[in-house]
1. Going by the structure shown, is E130 farther than 21 Å from S54 by Cα and modelled with pLDDT under 95?
2. Taking the residues in region 168-189 that are of a type in the set (S, T, Y) and in a loop (DSSP other than H, G, I, E, B) as candidates, determine which candidate is farthest from G143 (Cα to Cα).
3. Report the residue count in region 164-191 for those that are under 15 Å from L272 (Cα atoms), touching a residue at least 40 places away in the same chain (Cβ under 8 Å) and not hydrophobic (A, V, I, L, M, F, W, C).
4. For region 98-144, what are the residues that are touching a strand residue (DSSP E or B) at 6+ places or on another chain (Cβ under 6 Å) and within 15 Å of T210 (Cβ to Cβ)?
5. Taking into account only those residues within region 123-162 that are buried (at least 24 other Cβ atoms within 10 Å of the Cβ) and assigned to a helix (DSSP H, G or I), which is nearest to the chain's Cα centre (by Cα)?
6. Are any of the residues in region 1-14 of a type outside the set (V, I, T), out of contact with any Ser or Thr (no Cβ under 8 Å at 6 or more places or on another chain) and modelled with pLDDT of 95 or more?
7. Would you list the helices (runs of 4 or more DSSP H) that sit entirely within region 219-285 and hold 3 or more residues that are among the β-branched types (V, I, T) and either out of contact with any Phe, Trp or Tyr (no Cβ under 8 Å at 6 or more places or on another chain) or closer than 21 Å to V182 by Cβ (or both)?
8. Would you point out the residue of region 209-257, among those that are farther than 21 Å from A157 by Cβ and among the β-branched types (V, I, T), that is surrounded by the fewest Cβ atoms within 10 Å (Cβ to Cβ)?
Amino acid sequence: MRGDPSPGLSLPFKHKEAQVPFATADDGVRLHYEETGAGVPVIFVHEFAGDHRSWEAQMRRFGQQRRAISFAARGYPPSDVPQDVAQYSQARATQDIACVLDHLKIDKAHVVGLSMGGFATLHFGFRHPERALSLCVAGCGYGAEPGEQEKFRSEVAAVAAFLDAHGMEVFAEKYAYGPTRVQFQNKDPRGFAEFKRMLAEHSLIGSRNTQLGVQGERPSLYELVEQMRGLTTPTLVLTGDEDWPCLQPALLMKQTIPTAALAVMANCGHTLNLEDPDQFNRLVEDFISQVEAGRWPTRDPRAMSASITGMK
């Protein structure tokens with residue numbers, strides 16, 4: 001199976017080292033990255049069903065004016081695929097962003113993440129606020145609502161069991177048609193077919209361990225309210241209006257983070273940057289431009305009055 005040839009850390013593709021750049025995480029895991037352009041850095045952090053290739057439309061757009069970087073998370077070839085699930089966690093996913101930046105000698109960057117990458121981006125803001133020029137937290141919230149976390153964890157276990165029983169290709173044929181991804185299929189059949197093909201190419205072990213170690217063990221957003229209240233980094237919360245599990249969590253982040261704005265993409269599901277790359281790019285570009293111009297506000301506390309009209 002692709003990406004799982006041997007125990008330990010595995011590099012599944014037979015690339016020449018000089019042609020495939022890697023950053024090394026603090027636990028020795030090698031992370032493949034790509035970069036293009038020059039200027040202020042923007043790093044893109046992918047979702048569970050994607051990889052570094054998922055950001056191609058963003059790399060092309062943002063690389064025209066900035067230094068655009070994408071990387072494959074641990075478990076996603078050609079990054080290393082640790083065999084031990086203990087090497088996968090929310091903390092590791094967050095720290096891996098810093099490790100890539102360290103390798104590239106970047107002190108600060110705009111950080112843009114989707115779904116699993118959105119969670120990592122938010123946590124990066126908690127752990128390394130001095131290194132984040134801004135945070136774009138997109139499609140973030142699966143399993144985060146009160147009462148939904150145990151259901152989500154049971155689905156994580158089901159995903160892992162399905163992978164073990166059927167393999168990546170069969171898994172991709174099922175997972176790609178989830179209720180928040182069919183919008184992508186209906187809107188862009190060719191793009192969706194490419195997404196599904198790339199998903200089928202992922203490492204079984206990497207995908208399984210990511211589900212169990214990162215997705216299944218991460219804390220609920222509702223447990224992070226105090227940390228969100230203290231976040232002062234400019235933040236854009238971005239969601240599709242048909243990405244049902246992310247709508248209420250998006251509102252929570254908007255209401256709680258004092259520097260957060262909320263943008264909702266109409267008639268969009270979960271895979272925002274692929275489903276409607278032009279709109280996604282415009283929203284993120286406008287956000288980053290405002291931040292760089294020093295025009296991004298912190299919420300006026302008067303906007304959070306308990307009074308509807310301000311008359312009481």
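The values are calculated or read from the model by the stated rules, or taken from the named source; none is laboratory data. From a predicted model like this one, the values you see are computed outputs, not experimental measurements. When we count neighbours, we look across all protein chains shown, and the Cβ atoms used for this are built from the backbone with ideal geometry, even at glycine.
1. On the way: farther than 21 Å from S54 by Cα: yes; modelled with pLDDT under 95: no.
It is false that E130 is farther than 21 Å from S54 by Cα and modelled with pLDDT under 95.
2. Keep residues of region 168-189 that are of a type in the set (S, T, Y), which gives 175, 177, 180.
Restricting the remaining residues to those that are in a loop (DSSP other than H, G, I, E, B) gives 177, 180.
On the way: Y177: 19, T180: 14 Å.
The extreme case among them is Y177.
3. Looking only at that region, the number is 8.
4. G113, L114, G117, G118, A120, listed by residue number.
5. Among those residues, the one meeting the criterion is F124.
6. No: zero hits.
7. Working: elements: 225-229, 244-256, 272-275.
Filter on region 219-285 gives an empty set.
8. T232
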